[in-house]
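Input: a single structure, listed below in structure tokens.
Throughout, read-outs are computed from the coordinates displayed, never taken from laboratory work. Please read these numbers as outputs of a predicted model, since none were measured by experiment. Counting neighbours? That spans all protein chains shown, and the Cβs are built from the backbone with ideal geometry, glycine included.
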Amino acid sequence: MGKRLSRSDYWRIMKNILKKLYSKQAFGKGHLLFERLQSGIPGHLKGFTKPVLSDLIRKELVLFYGKTKYGDAFQLNIKKLAEIEKIIFER
């Protein structure tokens, strides 16, 4: 039953995650909870948020901030900000 994620949907989720972290200035001290990253993603794609986020962590664009009492928190890798801005604003 594993539905495949199309390339365009993958980009949609990836941009959504990066935009959200960027708009909340989640780098340095800032961070966002996983639930917040999932909001705004269409219901039928929500299940793909975790694998896309894992890819972003593997590419070191997103960093695991840590566990909070509310859940896992993430932030952008400030060292890769130019690459992140390119993804957000160019496509």
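Applying the condition of being in contact with a Phe, Trp or Tyr (Cβ under 9 Å, 6 or more places away or on another chain) and assigned to a loop (DSSP other than H, G, I, E, B) to the stretch 7-38 and asking which residue is surrounded by the most Cβ atoms within 10 Å (Cβ to Cβ) yields Ala26. Filtered by the rule that a residue be of a type in the set (Phe, Trp, Tyr), surrounded by 16 or more Cβ atoms within 10 Å (Cβ to Cβ) and within 12 Å of the chain's Cα centre (by Cα), the stretch 44-81 gives Phe48, Phe74. Considering Ile41, Ile84, the condition of being in a helix (DSSP H, G or I), surrounded by 14 or more Cβ atoms within 10 Å (Cβ to Cβ) and in contact (Cβ under 8 Å) with a residue 12 or more places away in the chain is satisfied by Ile84 alone. When the stretch 53-81 is filtered for residues that are over 14 Å from Lys15 (Cβ atoms) and either in contact with a helix residue (DSSP H, G or I) (Cβ under 7 Å, 6 or more places away or on another chain) or assigned to a strand (DSSP E or B) (or both), the ones remaining, listed by number, are Glu60, Leu63, Phe64, Tyr65, Gly66, Lys67, Thr68, Gly71, Asp72, Ala73, Phe74, Gln75.
Checking each residue of the stretch 45-54 against the condition of being of a type in the set (A, V, I, L, M), farther than 14 Å from Phe74 by Cβ and in contact (Cβ under 8 Å) with a residue 40 or more places away in the chain gives at least one match. State yes or no: is Thr68 within 27 Å of Arg4 (Cβ to Cβ) and β-branched (Val, Ile, Thr)? For Thr68, the condition - within 27 Å of Arg4 (Cβ to Cβ) and β-branched (Val, Ile, Thr) - is not met. Taking the conditions exactly as written (small (Gly, Ala, Ser) and in contact with a helix residue (DSSP H, G or I) (Cβ under 6 Å, 6 or more places away or on another chain)), does Gly30 satisfy them or not? Against the criterion (small (Gly, Ala, Ser) and in contact with a helix residue (DSSP H, G or I) (Cβ under 6 Å, 6 or more places away or on another chain)), Gly30 does not qualify. Going through the stretch 52-88 one residue at a time, which ones are touching a strand residue (DSSP E or B) at 6+ places or on another chain (Cβ under 7 Å) and closer than 15 Å to Ser23 by Cβ? Listed by number, the residues that qualify are Val62, Phe74, Gln75, Leu76, Ile84.
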